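Undergrad: Next up is a structure, given as structure tokens.
The values are calculated or read from the model by the stated rules, or taken from the named source; none is laboratory data. Computed from a predicted model, the values in this text were never measured in an experiment. When we count neighbours, we look across all protein chains shown, and the Cβ atoms used for this are built from the backbone with ideal geometry, even at glycine.
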Amino acid sequence: MGHSHSRKRVATALCIMLLFGVLMGASSCRDASPADEWSISCEDDLVEVLRTSELEFKRYEIGDWVVYQHRRMIDGAKVEFDRIWYKFDKGSGELLEKDVRWRDDLPDHLPPVIPKEQAEAMVQGPIHSTALYYISPESDVYPIEPAPKNPCWVVKIADDEDHVVDIVVIDAVEGKVLGHGMPPP
């Protein structure tokens with residue numbers, strides 16, 4: 001059941017990608033505005049497609065691009081590297097890039113996890129932030145070997161100036177410290 005539901009979500013995401021490609025190429029997405037202006041009707045069509053999707057997309061304007069991005073979460077846990085990304089030319093509305101990264105080895109829902117406060121009590125020092133993650137086997141920031149299968153609490157420790165000086169990775173199901181992440185330079 002778990003993998004079937006995940007595959008359905010991926011299939012939904014892929015259908016959205018296909019629909020974006022069709023919408024961006026269709027003449028109905030363009031109005032009488034010059035080619036160097038972003039078509040309001042086209043953007044409205046895209047937003048409507050996104051609104052009816054089960055996935056939540058955020059819209060960003062980056063220079064000459066309009067980007068729609070969905071970052072995968074499982075019941076509040078971030079899934080490292082999993083995302084759906086569409087990059088469009090702001091002037092023409094042309095789809096420039098699409099990228100889908102979606103692991104199929106994860107459950108549809110979180111298993112029971114230890115409370116955030118319990119994870120934070122396992123570390124020493126002032127806490128900068130704490131977040132729940134499914135860590136990618138390809139992670140450079142959390143180089144735990146072997147990569148954890150369970151969700152993990154990632155607790156960032158700060159110095160007196162609130163700069164992250166350590167990252168502690170805790171298995172959120174078993175309540176064990178697995179190792180350390182790489183703090184930012």
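Undergrad: Might you let me know whether segment 136-155 holds any residue that is free of Cβ contacts under 8 Å to residues at least 40 places away in the same chain and hydroxyl-bearing (S, T, Y)?
TA: No: segment 136-155 contains no residue that is free of Cβ contacts under 8 Å to residues at least 40 places away in the same chain and hydroxyl-bearing (S, T, Y).
Undergrad: How many residues does segment 61-111 contain that are in contact (Cβ under 8 Å) with a residue 60 or more places away in the chain and over 27 Å from T130 (Cβ atoms)?
TA: Of the residues in segment 61-111, 8 are in contact (Cβ under 8 Å) with a residue 60 or more places away in the chain and over 27 Å from T130 (Cβ atoms).
Undergrad: If I114 passes every condition in (1) under 29 Å from V173 (Cβ atoms); (2) at pLDDT 85 or above; (3) under 20 Å from the mean Cα position of the chain (by Cα) but one, which one does it miss?
TA: The one condition I114 does not meet is (3).
Undergrad: I need the strands (runs of 3 or more DSSP E) fully contained in segment 75-185, keeping only those with at least 3 residues that are buried (at least 16 other Cβ atoms within 10 Å of the Cβ) and of a type in the set (A, V, I, L, M, F, W, C).
TA: Result: 77-89, 152-158, 164-171.
Undergrad: Further, regarding this structure: Which members of segment 94-126 meet the condition of being of a type in the set (G, A, S) and in contact with a strand residue (DSSP E or B) (Cβ under 8 Å, 6 or more places away or on another chain)?
TA: A119, G125
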